[in-house]
Amino acid sequence: MLLPVLKSHWERYKSHTHIDIEQAQKLVNSYNPNKIQSLVLLSDGCANTNYKITFQNNTAPLVLRIYIREKNALAREKAIHQLLKNYLPVPLFFYTDASCTLINHPYALMEWKEGELMRNVILKGDERDISECAFSAGKCLSVLKNIKFHKNGFFDENLQIRPFNQEEEFIPFGLGLLKQQTVRESLSTSVLVELEQIFYESVPFLPKPNEANLNHADFDPANMLVTKTNATWQVSAILDWEFSFAGSYLMDMGLMLRYAHKLPHIYEDSFLKGIKDSGAQLPSTWKATAKLMDLLCLLQLLYYNPFAERPLMNRDVVELIENTQTFLKSLLTT
């Protein structure tokens, strides 16, 4: 298997917020005053800080999640977990504090979910394991596809939707990103020119305006835990819903398949099978739409992650953009 894949080597967007057991005890006392036995930093993820907390009296462990990137993300993510708790495996929220009095960031105490990061299972390279993980992720996406909203847009803390403005629509947003200095510094002139042409020619492949379902918007193996149930890998938790919005499920497909060209074919095949086995029908142009929507995500990553600050992430994203460009150029010229 070719490396690097699945964001395994990306630098963090922000440094971890480091606390000790004494500080953690103050944060959990309002919910669980029992003494903390251990505090372990969970290093995966590129933005927020998560700790696993265990207690001396053997009560169930907790996850302390500290929201570094955006203060409003706590309320929004909690509301999404509440919406999903009967549909998909997501951790429960037990306690939240957005006052920023005990610590400079909002934080939540959440259910500890057992499991191994799906990315780690896939990176071991066993094709049966890869197939089972991807199939289970596909089944999860088919559930998200059926959680509908009346319009596209971004959620507030109460999951009320603010529709996209004109600059946030697909083509204007993509063209706007191509004009940003950090994006232009990362991509060659020829790639920038071709991407601009791709955006102008992509109208037939855009999702329909009424395609509004719950979109995770960071749907990939780095945000899923898996466990073996009846000797088969299955998703035990889907994490990190802070970027979610109401939009086409095809963006989540694009994110999940972003590295498919570097993984065994069984990865994409099993993911699609998981979606279809749940009764979902995919449009004939699903892959073009998924690639286009992921292209927006990749360009946005370049905008926020210049080479001088996060070179490993930047170079990986550039390679992914060039691969997407090649696919879309071939599609649009046939």
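Readers should treat all values here as calculations from the given coordinates under stated rules, not as data from a laboratory. The shown structure was predicted, so the numbers you read here are calculated from the model rather than taken from an experiment. With ideal geometry, Cβ positions are generated from the backbone for all residues, glycine too; neighbour counts draw on all protein chains shown.
If packing is taken as the mean number of other Cβ atoms within 10 Å per residue, what is the order of 264-270, 33-39, highest first?
Averaged packing, sorted descending, gives the order 264-270, 33-39.
Restricting to Cα pairs below 8 Å that are 6+ residues apart, what does the relative contact order work out to for region 67-145? Please round to a whole percent.
Once normalised by length, the contact order is 24 percent.
Taking the alpha-carbon distance from Lys139 and a cut-off under 18 Å, which lysines remain once sequence neighbours fewer than 8 residues away in the same chain are dropped?
Lys85, Lys148, Lys228, Lys273, Lys276, Lys287
Given charges of +1 on the Cβ of Lys and Arg and -1 on the Cβ of Asp and Glu, with all other atoms neutral, how large is the dipole of the chain about its Cα centre, in debye to the nearest 20?
Once rounded to the nearest 20, the dipole reads 460 debye.
Could you tell me how many cubic angstrom of Cα convex hull volume the chain has per residue?
142
Kindly express, to the nearest 10 degrees and within the range 0 to 90, the angle between helix 127-145's C-alpha long axis and the longest C-alpha principal axis of the chain.
Taking Cα atoms only, the helix is inclined about 90 degrees.
Can you give the percent of C-alpha pairs in region 87-184 whose distance is more than 19 Å?
For region 87-184, the share of Cα pairs beyond 19 Å comes to 71 percent.
Go ahead and set up a Gaussian network model of the chain, Cα springs under 10 Å, then flag whichever of Pro163, Pro106, Pro221 fluctuates most.
Its mean-square fluctuation being the largest, the pick is Pro163.
Between beta-carbons, use under 15 Å as the cut-off and find the net charge around Asn146, counting Lys and Arg +1, Asp and Glu -1.
Overall, the nearby charge balance is +1.
Just to be sure I understand: with springs between alpha-carbon atoms less than 10 Å apart, which residue in Ala290, Ala308, Ala246 has the highest mean-square fluctuation in the Gaussian network model of the chain?
Residue with maximal mean-square fluctuation among Ala290, Ala308, Ala246: Ala308.
Rounded to the nearest 500 deg cm²/dmol, what is the calculated helix-only ellipticity per residue at 222 nm for the chain, with -39500 (n - 2.57) per DSSP H run of length n ≥ 4?
-12500 deg cm²/dmol
For Lys7, which lysines qualify as cross-link partners when the Cα separation must be under 18 Å and same-chain residues fewer than eight apart are set aside?
Counting by Cα, and skipping residues close in sequence, Lys7 has these lysines nearby: Lys124, Lys262, Lys291.
With a 10 Å cut-off between alpha carbons and a GNM built on the chain, which of Cys100, Cys46, Cys140 moves the most?
Comparing Cys100, Cys46, Cys140 in the GNM, the peak value goes to Cys100.
For region 292-334 and region 1-40, what is the centre-to-centre distance using only Cα atoms, to the nearest Å?
Distance between centres, Cα-based: 30 Å.
As I understand it, the dipole of region 116-332 uses +1 on the Cβ of Lys and Arg and -1 on the Cβ of Asp and Glu, about the Cα centre. Which of Leu312, Ser236, Trp286 lies farthest toward its positive end?
Trp286
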